[in-house]
1. Please identify, among A:Met11, A:Met120, A:Met106, the residue showing maximal mean-square fluctuation in a Gaussian network model of chain A using a 10 angstrom Cα cutoff.
2. Can you give me the Cα centroid spacing of the range A:232-247 and the range A:80-123 in angstrom?
3. In nanometres, what is the gap between the two model label sites at A:Val83 and A:Thr97, each 7 Å from Cα along Cα-to-Cβ?
4. Calculate the dipole size of the range B:58-275 relative to its Cα centre from +1 charges on Lys and Arg beta carbons and -1 charges on Asp and Glu beta carbons; express the result in debye to the nearest 20.
5. Taking the Cα of A:Arg62, stepping 7 Å toward and past its beta carbon, and measuring to each backbone N in the range A:255-288: which are under 16 Å?
6. Once you have the Kirkwood Rh of the range B:58-275 from its Cα pairs, apply Stokes-Einstein at 37 °C and 0.692 mPa s and quote D in µm²/s.
7. Using a Förster distance of 56 angstrom, determine the FRET efficiency expected from the C-beta separation of B:Glu53 and A:Gln199, and round it to 0.05.
8. Summing +1 for each Lys or Arg and -1 for each Asp or Glu, what net charge is found among the other residues whose Cβ lies under 11 Å from the Cβ of A:Leu174?
Amino acid sequence: MKIKGSAAYWMIFPTLLIISIVAFFPLFKTFYDSFFSFSLRPGIERRFVGLENYKNLLRDVRFVNALKNTIFFTVVSVSIETVLGLIIALIVHQKFTLRGIVRAAMLVPWAIPTAISSQMWRWMFHDQFGIMTRLWERIGIITPGTPILGRPGLAMWAIIFVDVWKTTPFMALLILAGLQVIPEDIYEAAKIDGANSIQRFFKITLPLVTPTIAVALIFRTLDALRVFDVVYIMTRGAVNTETLAVYNRHVLMDRAFTGAWFGYGSAISVFIFMLIMIFAIIYIKSLKLRLD
Amino acid sequence: MNVVRKTLFYGLVILIFVWCVFPLYWAFVSSIKPDRDLFEKNPTFIPRRITFENYVKVFKERPFHVNIKNSIIVAGVTTILSLAVGSLSAYSIARIKFRGKKIVMSLILSVSMFPQISILGSIFLILRALKLINTYTGLILPYTAMNIPLTVWVLQNFFRELPKEIEEAAFIDGASKFRTLWSIVLPMSAPGLVATGLLTFIASWNEFLFALTFMQRPNLYTVPVAIALFKGASQYEIPWGQLMAAAVVVTMPLVILVLIFQNRIIAGLSAGAMKG
């Protein structure tokens, strides 16, 4: 089929225009602005400060704390989601009655907007009338009268809990897709050779589904490192739950008119970008491995 | 032994099911309870009295219908724009040989890796300079950019799998590239368009960070922002019954849509998650 190549450029042009204006240019601008001190408030002079904003990052206790919280949230939630996701995937991979309905139900947490499900959970964690609060009291995780979302430590666990609720079923569905492509006859052959179910799991299932898990895991890590919605809605970053994205938005928007914070906020944005890019590169590398 | 194992297995299955749907169930139950039953130390799983007062109030006492309208406009236009712009790119990537294709593809896909927070401040400044803060356009543009990578990726995979012969025949008959795309390729790709369109719509309907930052008047809030910033008569008094009613109203259509299209969504998402 002979088509002029120039037609292709016209067809791609609108896409490139849009992503240039609202993705590449803003990214470049964030880098550029991070070397300046400026404010949206009129009367504050914009001046070049070099790397000063970046030097200040390490001295900023609130930033360091947000970084710690983000790493804690990411490591804990992604680990739980992966392990639980694998277990659930193995369960719904079995044949049983009403399997279709259970698999459909697993899409529900993903389908509800995070902002909305966070409010549903905030109600369930309500210090006086929350049903989850009642449950945690009954099991003995907390003593009666403890406000879960008002206690440092506990609040972060509640946030992780909500994230695990939202993401695990989805993770399970992705892993399930990986399980479904493993051919049945491998299992049959192993059975004939006398391998029991535990051996079959560790020698066949796990190695074959590992690439799928790895990709899902890195994908989730990228998401967890920039977590915003659930934290912002459940606690607004109070009681030591502030993550990088929540702190970043606070510096950029809440302090936009109070002082020369915008350059510093841009430096935080660049930091988050770099952090996520490291994982993105690992992600791409692991994909290449998989395609080879 | 077999019976024990079976019981245990079904126990786990039921646990998974309840775990997934309980918050939605609880939101619904809470929304139809009158306040005196709602604010009770030991709430009941099945409401003793039913009222739809909260559903009436949510539209009467606040501009929630306006918020729904905002979300429909923003998510709807974003979906149409992403599909229109994205399918052009996807088609040329799938079917036309041109120089720099790999670079173009990596540029487009790299956008899907951008953390939104990293461009939040700059987009705010740009929109402010263009006087687009508090406008639909100010949200639609960034949303389209966010959704284009997945659209292009899924659609170009889809286009590649269509039989080439029909397009060639159309081309020989003198149809232009655009015409072939419009009257032959797109109709044949309806399932792919529906799946990506749905994912785009859901992503835009759910987006929170940009909507929270670029829309600063309550009558311009989208649904997630309106629900996140739900206020009562006083600062300390959140009308939980109304809040849950609002949550149910906007979640139900979404859940039903997802259940209807579940197979396509899972296929589209795993394509996006695995390769995008």
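Each reported figure results from applying straightforward, stated rules to the coordinates on display, with no laboratory input. Please read these numbers as outputs of a predicted model, since none were measured by experiment. Cβ sites come from the backbone with ideal geometry, for glycine too, and all protein chains shown count toward neighbours.
1. Most flexible of the set in this elastic network: A:Met11.
2. 25 Å
3. About 3.4 nm separates the two model spin labels.
4. 480 debye
5. A:255-269
6. Once the numbers are plugged in, D ends up at 171 µm²/s.
7. Using R0 = 56 Å, I get an efficiency of 0.40.
8. Within the 11 Å Cβ shell, the charges total 0.
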